[in-house]
Structures are given as C-alpha cells and as structure tokens.
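All remarks here apply to the structure that follows.
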Amino acid sequence: MILEATHMTIGKRIAALRKKRSWTQAMLSDKMSVSQSTVTMWENGKRAVSSEDTIKLATLFDVTTDYLLGLDDDMPANAVPITAAETVQIPVYGEIQAGVATLAEQNVIGQLDVKKDVVERYGYDNLFALKVRGESMNRKIINGHTAVFCKDIQPESGDIVAVMIDHEDATVKQFHETSIAVMFEPMSWDPSFKPYVFKKDEEQDFRILGRYIYDTSESI
C-alpha cells in the first residue's frame, strides 16, 4: 500500500508539473526518451518511476526529487499546477451518428479542460475533442485518449485529422494529398489497418472535421 501511494503521489506531481508547462504527454515522453504510454502509466500510478528517471524529471521540472516523491510538500513557485481559472472547457464528442457530417450537441459526452492560451490561439468556436477508440493510430495516439482538434485549419500532407468517411462515424487518420489522390492513413503498429484512398477524378465521400492539435489521458 505504501508503494502504491508513492506511485500515485509522484504520478500526480508529474502530471501537475507537465500541465503547468502546457506540455502534452507526448512532449514529455520525447524529452524523457520514453514512450507516451510510459508517461501515462507514471501519471496514473500504474508504473514505478526509476531512480534515474526521477532525477531526470526533477532536473527537467526544476524541482527536488523529494518533492516529486512526496517527501517534501513545499511546491516551488514555478511548479504550481493549473487551476480552473486558467482553463476553458470544450466539448468532447463520442461516436457521431451515421449520415450526420456535423458535430451535433446530442453527441457530446463530456467537457475537457484546455489551457486558455490554446483557446486564444485557435478560437473557442474552432476547438472540439474526440474520444479516440481503437488501435489504428496507436503509434501517435493511445486508445482511450481524448484528442483535441481545430476546425478552422486547412490540413497539409502529414497532418493528423478527424474525418468522416462514407457518412459513417468520425475517425482519426493521417492526411496525405498527391496530384491524383487524397489518402487517410493509419499510424499503427498493426499492419492490418489499411488506408482510405480517394482518387481525385472520382467521387470523394469524405469530410475533414478538424486538424489534430494534441491528445491527453485526462478524464472528462
């Protein structure tokens, strides 16, 4: 029980320090040279943080290892976690009804707190979030994470987008465009997932809903 409590303490403090810097879990994983799933498990208290990584995290966040481990409750001034006043809630959509190429209010399953600077940059009315299900994007987005998108951005080849294909539910894929086709490709470790390909001289039955900004494991 003591060990579990320690894992939860350091996990919560890692999450608070990360959010203070407006870093996504992917950004922290890059800085720490670990997988994003490792960061998720640290923050959820499901994986122990090694002594070496604890030191690296303390250095990265400019705090003491004692603070990270919960042995010192004196939080440095630069480590104050974000508060409700510093965030704005945006809608999180679940499965979008077949045949409806819009983000309808009846499909909202919750609200997600996002930093005010994100809202100021992209505009509140342009932001929405989707609960990501499945493994077709697991090289980039973990199954069960909530991904934030912006409607008012024209995607470029290589961008990740939320797209409605063949009037079915919204899906998340990597967008690619050539002179002859538009493709929506999976980013998965599982090679069984195949891309959607639409030739430009044929009917294109898709609608891009928004461009991916970041994803989070935060509950809604």
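The values are calculated or read from the model by the stated rules, or taken from the named source; none is laboratory data. Here the structure is a predicted model, which means the values were calculated and not measured. Glycine also receives a Cβ, built like all others from the backbone with ideal geometry; neighbour counts cover every protein chain displayed.
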(message) I'd like to verify a number: residues in the range 124-175 that are touching a residue at least 24 places away in the same chain (Cβ under 8 Å), surrounded by fewer than 20 Cβ atoms within 10 Å (Cβ to Cβ) and of a type in the set (Ser, Thr, Tyr), how many?
(response) 1
(request) Select, from ASP117, ASP190, ASP215, the only residue that is under 23 Å from ALA26 (Cβ atoms) and in contact with a helix residue (DSSP H, G or I) (Cβ under 8 Å, 6 or more places away or on another chain). (result) ASP215
(request) Give me the pairs, please: first residue somewhere in the range 195-210 and under 25 Å from VAL92 (Cα atoms) and in a loop (DSSP other than H, G, I, E, B), second residue anywhere and at pLDDT 85 or above and not polar (S, T, N, Q), beta-carbon distance under 8 Å, and either six or more positions apart or on two chains. (result) ASP205/PHE198
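Could you count how many residues in the range 176-204 are of a type in the set (Ser, Thr, Tyr) and surrounded by fewer than 15 Cβ atoms within 10 Å (Cβ to Cβ)?
So the answer is 3.
What tally of residues in the range 176-194 results from selecting those that are among the charged types (D, E, K, R) and free of Cβ contacts under 8 Å to residues at least 12 places away in the same chain? Spell out the reasoning first.
Step one: of the range 176-194, the residues among the charged types (D, E, K, R) are 177, 185, 190, 194.
Still in the list and also free of Cβ contacts under 8 Å to residues at least 12 places away in the same chain: 194.
Counting residues in the range 176-194 that are among the charged types (D, E, K, R) and free of Cβ contacts under 8 Å to residues at least 12 places away in the same chain gives 1.
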(message) If I ask for residues that are under 22 Å from ASN143 (Cβ atoms), part of a strand (DSSP E or B) and not aliphatic (A, V, I, L, M), which ones from the range 161-194 would you list?
(response) THR171, LYS173, GLN174, PHE175, PHE184, GLU185
(request) Would you list the helices (runs of 4 or more DSSP H) that sit entirely within the range 14-68 and hold 2 or more residues that are touching a residue at least 60 places away in the same chain (Cβ under 8 Å)? (result) 25-32, 36-43
